[in-house]
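Accompanying notes for the structure given below.
The values are calculated or read from the model by the stated rules, or taken from the named source; none is laboratory data. Since the model is a prediction, treat every value here as computed from it, not as a measurement. Cβ placement follows ideal geometry from the backbone for every residue including glycine, while neighbour counts extend to all protein chains displayed.
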Amino acid sequence: MAKGFNKVILMGNLTRDPETRTTSSGQSVTRLSLAVNRTWRSADGQQQEAVSFIDCVAWGKPGEIIAQYVQKGRALLVSGRLEQSSWDDKESGQKRSKIEVVVEDFNFVDSGQGSGSDYSAPAKSSEPTKGNKAEEAVEDIDDRPIDLSEIPF
């Protein structure tokens with residue numbers, strides 16, 4: 001039997017500000033929604049456009065960073081996996097389900113605060129992992145303030 005592959009990459013604009021909450025176990029979870037536009041030419045040469053609204057969820061530090069630096073309307077590139085959840089709707093008695101993107105990596109796209117940065121969720125393995133370049137740079141800073149005008153992006 002073939003092994004499955006579940007990977008999605010999306011770039012779109014946030015339809016609302018990200019919402020971060022904390023679970024009862026102390027884990028933070030951030031929910032956001034992306035509007036992803038698609039344009040094409042129809043058979044008669046007319047330009048067509050469609051928008052898909054995609055719900056996303058980011059767990060832990062990636063979600064906290066997204067919530068801190070992006071707001072409604074800002075562009076965001078995310079990659080992750082699709083996850084389906086289902087439940088019984090108590091009001092209607094019907095079974096409901098939805099599919100959302102579980103964000104594993106992201107990249108700020110537009111030129112606002114925090115743009116040009118990227119974040120990859122730490123690999124989950126038994127081997128010790130090295131921090132990314134941003135984390136290593138933070139360790140080199142002694143308690144002096146950061147001058148944002150010196151950042152090249």
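Just need a number here: residues in the range 63-81 that are crowded, with 16+ Cβ neighbours inside 10 Å and not in a strand (DSSP E or B).
Of the residues in the range 63-81, 8 are crowded, with 16+ Cβ neighbours inside 10 Å and not in a strand (DSSP E or B).
Mind counting the residues in the range 1-19 that are touching a residue at least 40 places away in the same chain (Cβ under 8 Å) and among the hydrophobic types (A, V, I, L, M, F, W, C)?
5
Please work out if VAL70 is under 19 Å from ASP110 (Cβ atoms) and more than 12 Å from the chain's Cα centre (by Cα).
no
Just one of the numbered conditions (1) under 17 Å from the mean Cα position of the chain (by Cα); (2) surrounded by fewer than 17 Cβ atoms within 10 Å (Cβ to Cβ); (3) part of a strand (DSSP E or B) is not true of ASN13; which one?
Against the list (1) under 17 Å from the mean Cα position of the chain (by Cα); (2) surrounded by fewer than 17 Cβ atoms within 10 Å (Cβ to Cβ); (3) part of a strand (DSSP E or B), ASN13 comes up short only on (2).
Looking only at the range 32-62, how many residues end up being of a type outside the set (D, E, K, R) and not in a strand (DSSP E or B)?
Result for the range 32-62: 6.
What number of residues within the range 29-46 satisfy the criterion of being farther than 19 Å from VAL109 by Cβ and modelled with pLDDT under 95? Walk me through it before giving the result.
Here is the first cut: in the range 29-46, the residues farther than 19 Å from VAL109 by Cβ are 29, 31, 40-46.
Filter again for modelled with pLDDT under 95, leaving 40-46.
Total meeting the criteria: 7.
Okay, residues lined up against (1) out of contact with any Lys or Arg (no Cβ under 9 Å at 6 or more places or on another chain); (2) more than 22 Å from LEU82 (Cβ to Cβ); (3) surrounded by 11 or more Cβ atoms within 10 Å (Cβ to Cβ); (4) in contact (Cβ under 8 Å) with a residue 40 or more places away in the chain:
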site: ARG21; (1), (2), (3), (4): no, no, no, no
site: ARG31; (1), (2), (3), (4): no, no, yes, no
site: VAL36; (1), (2), (3), (4): yes, no, yes, no
site: ARG41; (1), (2), (3), (4): yes, yes, no, no
site: ASP44; (1), (2), (3), (4): yes, yes, no, no
site: GLU49; (1), (2), (3), (4): no, yes, no, no
site: PHE53; (1), (2), (3), (4): yes, no, no, no
site: ALA58; (1), (2), (3), (4): no, no, yes, yes
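Return yes when GLN84 is touching a strand residue (DSSP E or B) at 6+ places or on another chain (Cβ under 8 Å), without any contact (Cβ under 8 Å) to a residue 24 or more places away in the chain and either closer than 25 Å to SER97 by Cβ or not in a strand (DSSP E or B) (or both) and no when it is not.
yes
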